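The values are calculated or read from the model by the stated rules, or taken from the named source; none is laboratory data. Everything numeric in this text was worked out from a predicted model, so none of it was measured. Heads up, the Cβs are rebuilt from the backbone with ideal geometry, glycines too, and the neighbour counts pull from every protein chain shown.
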């Protein structure tokens, strides 16, 4: 379960990690503050808030009201902003990065730290990143904090504070069964204090029965994801413009990878699952009809879902939904010959190989 920033910072406070003075604002009436300037931060479960205009500064009550209402009316990456975090503006001298997460390849928690804070860690060169794996049979010790601080090249005073924070976030990581605890940026103020400027926590949902103070956050969905959810489809909206319909999570992911490999950007992950139902196929097209796409790629490996059923669903969708973008189909498996025959009679060629279908998709959307 992903926590909102204000929830994550409440856990930081519980574990003694310094955070800015702030409060959660869920309505227009909560837009009150008495120490300006103030930072107004959108609370959404996605990154890139700043670039999207979801973080603003206000110098007085009038500006706070104006900018707060403006952010509350926004959507960021398709997600509606439902609340805000108001915080004191920090006088920042430096920004660092620190996180603890699980390295699944080694089956050990790993500390990731860098003096290049305030930017996505994926964009930081490896030469500027310090990683330290913690043997779970031994656990965390003060030596770990000293080693990481030394490798970062921190000053003695910074090192002392950093070690204290690192020990506390590891205690939080273990205490709340976290998959990730991240501070970016970990801010060094001009007066020398180090505090958590931001907070990101992901808790293992299966552990929530142990954490009664946490409640399941309602899933944040884009309009397209909400439409699919109501119709009973597994859909995740992505940033591209090629609609994808496939069956099975693995095959769907492989389809997304294949499109990306060939320079196309998928619009969505949509898994038909194992249903052998014409209406299920038609419903998938009805969802993609609402999306801004340049083409649709259908990738089916027939097992429980028969290829002829999918073919009949595609032809029905063409008649009833009114698809006005190119459709490319890959069919393989049970009744694939019959499925191709049905599509051929309706003016659609079907491929047996996934990459052949992807290559055709590249051509038809040019």
Top-ranked residue of the range 101-118 - restricted to ones that are in contact with a strand residue (DSSP E or B) (Cβ under 9 Å, 6 or more places away or on another chain) and without any contact (Cβ under 8 Å) to a residue 24 or more places away in the chain, ranked as surrounded by the fewest Cβ atoms within 10 Å (Cβ to Cβ)
116
Positions within the range 134-149 being surrounded by 12 or more Cβ atoms within 10 Å (Cβ to Cβ) and part of a helix (DSSP H, G or I), in sequence order
144, 145, 146, 147, 148, 149
Restrict the check to the range 310-328 and report whether at least one residue is in a strand (DSSP E or B), in contact (Cβ under 8 Å) with a residue 12 or more places away in the chain and closer than 21 Å to residue 359 by Cα.
yes
With the checklist (1) modelled with pLDDT under 95; (2) under 24 Å from residue 322 (Cβ atoms); (3) within 21 Å of the chain's Cα centre (by Cα); (4) part of a loop (DSSP other than H, G, I, E, B) in hand, flag the one item residue 275 doesn't pass.
(3)
Given the condition within 30 Å of residue 282 (Cα to Cα) and within 25 Å of the chain's Cα centre (by Cα), answer yes or no: does some residue in the range 199-208 qualify?
no
Filter the range 217-237 for residues that are in a loop (DSSP other than H, G, I, E, B) and surrounded by 15 or more Cβ atoms within 10 Å (Cβ to Cβ) and give the result.
220, 221, 222, 233
Breaking point among (1) touching a strand residue (DSSP E or B) at 6+ places or on another chain (Cβ under 6 Å); (2) surrounded by fewer than 19 Cβ atoms within 10 Å (Cβ to Cβ), for residue 290:
(1)
Would you mind telling me which numbered condition in (1) part of a loop (DSSP other than H, G, I, E, B); (2) at pLDDT below 95; (3) under 28 Å from the mean Cα position of the chain (by Cα); (4) more than 30 Å from residue 40 (Cβ to Cβ) residue 119 fails?
(4)
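How many of the residues making up the range 176-191 are assigned to a strand (DSSP E or B) and closer than 20 Å to residue 6 by Cβ? It would help to see each step written out before you state the result.
To start, the set of residues in the range 176-191 that are assigned to a strand (DSSP E or B) comprises 178-189.
Applying the additional criterion that residues be closer than 20 Å to residue 6 by Cβ yields 178-187.
Adding up the residues that qualify gives 10.
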Just one of 44, 38 is closer than 26 Å to residue 119 by Cβ and touching a helix residue (DSSP H, G or I) at 6+ places or on another chain (Cβ under 7 Å); which is it?
38
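Quick check: is even one residue across the range 43-65 assigned to a strand (DSSP E or B), closer than 18 Å to residue 201 by Cβ and more than 18 Å from the chain's Cα centre (by Cα)?
Going residue by residue through the range 43-65, those that are assigned to a strand (DSSP E or B) are 55-58.
Remaining after also requiring closer than 18 Å to residue 201 by Cβ: none.
Within the range 43-65, none of the residues are assigned to a strand (DSSP E or B), closer than 18 Å to residue 201 by Cβ and more than 18 Å from the chain's Cα centre (by Cα).
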Looking at (1) within 21 Å of residue 9 (Cβ to Cβ); (2) surrounded by 14 or more Cβ atoms within 10 Å (Cβ to Cβ), find the lone condition where residue 48 falls short.
(2)
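Any residue that is in the same structural domain as residue 230 (by TED's automatic domain parsing) and within 18 Å of residue 238 (Cβ to Cβ) - is there at least one of those in the range 305-322? Outline the logic, then answer.
Our first condition is that a residue be in the same structural domain as residue 230 (by TED's automatic domain parsing); within the range 305-322, this holds for 305-322.
When the remaining residues are screened for being within 18 Å of residue 238 (Cβ to Cβ), the result is none.
No, the range 305-322 contains no residue that is in the same structural domain as residue 230 (by TED's automatic domain parsing) and within 18 Å of residue 238 (Cβ to Cβ).
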Meets criteria (under 20 Å from residue 364 (Cβ atoms), modelled with pLDDT of 95 or more and part of a strand (DSSP E or B)) for residue 259:
no
Those residues that are under 25 Å from the mean Cα position of the chain (by Cα) and more than 11 Å from residue 41 (Cβ to Cβ), I need them from the range 77-98; list them, please.
77, 78, 79, 80, 82, 95, 96, 97, 98
Has the range 166-173 got at least one residue that is in a loop (DSSP other than H, G, I, E, B) and crowded, with 16+ Cβ neighbours inside 10 Å?
no
Is it the case that the range 77-90 has a residue that's in contact (Cβ under 8 Å) with a residue 24 or more places away in the chain, surrounded by 16 or more Cβ atoms within 10 Å (Cβ to Cβ), over 20 Å from residue 38 (Cβ atoms) and in contact with a helix residue (DSSP H, G or I) (Cβ under 8 Å, 6 or more places away or on another chain)?
yes
Would you be able to say whether some residue in the range 203-216 is part of a loop (DSSP other than H, G, I, E, B), touching a helix residue (DSSP H, G or I) at 6+ places or on another chain (Cβ under 8 Å), modelled with pLDDT of 95 or more and over 25 Å from residue 271 (Cα atoms)?
no
